[in-house]
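Read the structure below first, then the notes.
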Amino acid sequence: MEKDYGHKPVLLEECLQALDIKPAGTYLDGTLGRAGHALELLRRLPAGRFVGIDRDLAAIEAARERLAAYAGRVTLLHGNFRDLGDLLREAGISCLDGMLFDLGVSSPQLDEPRRGFSYMHDAPLDMRMDETEALDAFQVVNTWSGDELRRILYEYGEERYAPRIAQTIVRRRQESPIRTTGELAEVIRSAMPAAALREKQHPAKRSFQAIRIAVNGELEALPPMLEAAVENLAPGGRLAVITFHSLEDRIVKQAMRTLATGCTCPPEFPVCVCGKKPKLRLVTRKPIVSGREELEGNPRARSAKLRVAERTEFL
């Protein structure tokens with residue numbers, strides 16, 4: 001029996017189908033996690049090569065163990081997918097046949113209290129996906145200005161009570177630093193009106209999401225990753241990206257549409273003078289979402305959206 005790695009890969013069958021796997025191809029998982037997607041991909045890749053990237057060293061080590069049977073055909077890289085182009089260049093890898101990016105926080109990160117991602121456990125404020133990075137949630141909460149806190153809560157968490165929460169955090173930290181997830185969750189709760197506390201979701205959910213995104217620079221990493229992914233795909237290669245909230249999905253959708261557009265000349269021009277050719281073909285116009293069976297077994301898949309595009313022949 002295979003060891004339980006504490007993570008169910010989201011939209012697994014849909015991803016494998018979307019990648020249109022060539023048995024001798026080269027494929028990349030840029031958000032390796034606990035290698036759930038990677039393992040199933042390798043099982044369909046009898047003569048190919050697999051590249052896995054993750055910014056979490058614990059994920060790299062867990063994946064190394066889980067993929068040990070395929071070690072001769074596996075390359076694991078520690079790094080941020082923001083630096084995808086550099087990571088591939090340094091490893092001597094190009095012209096991949098497919099790339100997958102699952103932008104969700106992995107279940108082990110959420111479920112391991114000491115990582116400080118969850119408002120359900122009281123733990124030191126951390127939230128770093130890469131524990132070698134300097135910036136953590138403690139610094140964001142205790143040193144960023146009230147205006148900056150309000151901005152990230154509103155923009156990254158889409159939190160309508162962002163001004164009240166930011167003011168309460170600043171007022172509370174003047175008494176003593178906010179050191180744990182439990183303390184932060186209570187501060188957020190105290191800033192919310194009674195009506196908000198009656199909502200189904202936890203009052204700290206949106207704020208914790210916003211702080212996590214800020215700590216890890218998640219949104220800023222997407223444009224350079226998407227650009228590098230397209231430049232390193234072979235013609236006909238597939239790019240599959242799973243997002244979990246509207247901000248990510250908006251960035252991915254717009255980037256794919258722009259790269260699939262090609263000519264940007266005004267419509268009144270009789271001929272193209274910009275010379276731009278489409279780099280992608282959209283495989284899915286609308287995102288693929290989880291079906292009822294997956295949602296029953298994995299509630300965290302509820303907000304997942306998969307978008308897929310294919311590299312054109314224009315290089």
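Table for the structure above
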{"item": "Dipole in debye (nearest 20) - the chain, about Cα centre, beta carbon charges: Lys, Arg +1; Asp, Glu -1", "result": "780"}
{"item": "Whole-angstrom Cα spans of region 93-213 along principal axes, big to small", "result": "53, 29, 27"}
{"item": "Mean Cα-pair separation over length for the chain, i.e. relative contact order, pairs under 8 Å, 6 or more apart, %", "result": "18"}
{"item": "Equivalent ellipsoid semi-axes, region 1-159, via Cα gyration tensor eigenvalues times 5, rooted, Å", "result": "32, 17, 15"}
{"item": "Contact order relative to length of region 119-268, as percent, for alpha carbon pairs under 8 angstrom and 6 or more apart", "result": "25"}
{"item": "Cα-Cα P(r), region 252-307, percent of pairs per 10 Å interval", "result": "21, 31, 23, 14, 10, 2"}
{"item": "Distance between region 246-315 and region 89-148 - C-alpha centres, whole angstrom", "result": "25"}
{"item": "HN-Hα J in Hz across region 239-247 - Karplus 6.51, -1.76, 1.60, θ = phi - 60°, x for Gly and Pro", "result": "10, 10, 10, 9, 10, 10, 8, 4, 5"}
{"item": "Highest-fluctuation residue, ARG115, ARG64, ARG164 considered, GNM on the chain with Cα pairs under 10 Å", "result": "ARG164"}
{"item": "Percent of Cα-Cα distances greater than 34 Å, calculated over the chain", "result": "28"}
{"item": "Ellipticity estimate at 222 nm from DSSP helix runs (n ≥ 4, -39,500 (n - 2.57)) divided over the chain, nearest 500", "result": "-12000 deg cm²/dmol"}
{"item": "Debye, to nearest 20: dipole size of region 85-164, +1 on Lys, Arg Cβ, -1 on Asp, Glu Cβ", "result": "300"}
{"item": "Cα-Cα over 25 Å, subset of LYS200/LYS253; LYS205/LYS305; LYS276/LYS305; LYS253/LYS279; LYS200/LYS286; LYS205/LYS286", "result": "LYS200/LYS253; LYS276/LYS305; LYS200/LYS286; LYS205/LYS286"}
{"item": "GNM result for the chain, Cα springs below 10 Å: residue of GLY262, GLY33, GLY236 fluctuating most strongly", "result": "GLY262"}
{"item": "Region 176-315: equivalent-ellipsoid semi-axes (sqrt of 5 x gyration tensor eigenvalues, Cα, Å)", "result": "39, 19, 15"}
{"item": "Accessible surface of region 1-121 [probe 1.4 Å, protein heavy atoms]: carbon and sulfur percent", "result": "51"}
{"item": "Among ALA162, ALA137, ALA47: highest mean-square fluctuation, GNM of the chain, C-alpha pairs under 10 Å", "result": "ALA47"}
{"item": "Mean separation of Cα contacts under 8 Å, 6 or more apart, over the residue count of region 1-86: relative contact order %", "result": "27"}
{"item": "Within the accessible area of region 243-315 (1.4 Å probe), percent carbon and sulfur", "result": "56"}
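The values are calculated or read from the model by the stated rules, or taken from the named source; none is laboratory data. The structure presented is a predicted model; accordingly, all values stated were derived computationally and were not measured. Cβ atoms come from the backbone with ideal geometry, glycine included; neighbour counts cover every protein chain shown. Just so you know, the surface numbers come from the protein's heavy atoms only, side chains and all, with ligands and any DNA or RNA stripped out. Shrake-Rupley method; radii C 1.70, N 1.55, O 1.52, S 1.80 Å.
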